[in-house]
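Have a look at the structure below before the remarks.
The values are calculated or read from the model by the stated rules, or taken from the named source; none is laboratory data. It should be emphasised that the depicted structure is a prediction, and the values quoted were computed from it without experimental measurement. Heads up, the Cβs are rebuilt from the backbone with ideal geometry, glycines too, and the neighbour counts pull from every protein chain shown. The area values use the complete protein model at the heavy-atom level, side chains included, leaving out ligands, DNA and RNA. Shrake-Rupley method; radii C 1.70, N 1.55, O 1.52, S 1.80 Å.
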Amino acid sequence: MTATIVAFFMLLPFFWMVSTSLKQKGALMAIPIQWIPPEISFEGYRKLFSVIPFGRAVMNSIVVSSMVTLVTMTSATMAAYAFSKLEFRGRDRLFYAYLATMMVPGQVTIIPVFIVLKYLGLLDTYAGVVVPTSLFNAFGIFLLRQYMSTIPNDFTEAALIDGASHFAVFARIVLPLSKPIIATYGVLTFMGAWNDYFWPLVVLSDRNKMTLPVALSHLSGQYNSDYNTLMAGSLISILPIILVYLFAQKYFEAGLQVGGLKQ
């Protein structure tokens, strides 16, 4: 019963968003709140595609989020394998130094990174959005390294004795055994990239390259906000997140359960 009440209050903003997206403009600010619109209107959905390049923004977000997830997972899994399975001098010190970068607030590095991107000619490009946010990710490396450390070394040592290279051990043994945590971190990374507003706003200036959160912000003006159009855009924007979660749900839940058992 308690879970039902909590779930009801958690879903209440979602119901309000759906209801508002289907209201006519005159019913948006009606008091008391009309949870079920007396007349259903799709004006917000039609206006969405005429006020801003909404379809283009959705495609831009899909491209950017997919690239961020791919680059992040590739670099983080390789680094996690190196820190968990390879023996080299100063490995633990290097890992702890890498972890220390998590203590530096992201706002501190915005201006230096922006200047570097300017000299590299990466401003107003997707690479400028993707590379700084995905190539170096201390949290992801820490999360994956902790999981890979629990995989018995007997598996990797047996493969190495049989003549397998480290890349073969990484690709054929460690990655398949790490599916739950990889799926969990992949979903979290995609959600973070999909909802990221600030960094694409800083790097991208071309209207045709803006991502979905930046495009939706154009619907909220200083003196007036088109709430039904804004809610229609927000409703459509969460659909890819739901699809990604449903696709990786089995591994996502397994990863969370395993993560809760590790020390």
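Summary of values
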| quantity | calculated |
| --- | --- |
| Selection status of residue 15, among the aromatic types (Phe, Trp, Tyr), exposed (fewer than 13 other Cβ atoms within 10 Å of the Cβ) and over 23 Å from residue 213 (Cβ atoms) | no |
| Residue count, the stretch 73-98 (criterion: farther than 19 Å from residue 188 by Cβ, among the hydrophobic types (A, V, I, L, M, F, W, C) and open to solvent by 30 Å² or more (accessible area, probe 1.4 Å)) | 4 |
| Residue within the stretch 18-33 that is in contact with a Gly (Cβ under 8 Å, 6 or more places away or on another chain), open to solvent by 60 Å² or more (accessible area, probe 1.4 Å) and either free of Cβ contacts under 8 Å to residues at least 12 places away in the same chain or part of a loop (DSSP other than H, G, I, E, B) (or both) present | no |
| Hits in the stretch 49-67 (condition: among the β-branched types (Val, Ile, Thr) and assigned to a helix (DSSP H, G or I)) | 51, 58, 62, 63, 64 |
| Residues (free of Cβ contacts under 8 Å to residues at least 60 places away in the same chain, within 13 Å of residue 211 (Cα to Cα) and open to solvent by 60 Å² or more (accessible area, probe 1.4 Å)) located in the stretch 34-72 | 59 |
| Out of 205, 220, 178, 165, sole residue that is over 18 Å from the mean Cα position of the chain (by Cα), of a type outside the set (Lys, Arg) and crowded, with 20+ Cβ neighbours inside 10 Å | 178 |
| Selected residue (only one of 229, 184, 150 is closer than 30 Å to residue 78 by Cα, modelled with pLDDT under 90, crowded, with 20+ Cβ neighbours inside 10 Å and not aliphatic (A, V, I, L, M)) | 184 |
| Test result for residue 119, open to solvent by 80 Å² or more (accessible area, probe 1.4 Å) and over 25 Å from residue 146 (Cα atoms) | yes |
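For (1) among the aliphatic types (A, V, I, L, M); (2) at pLDDT 75 or above, each residue gets a yes or a no:
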site	(1), (2)
217	no, yes
221	no, no
235	yes, yes
239	yes, yes
250	no, no
253	no, no
260	no, no
263	no, no
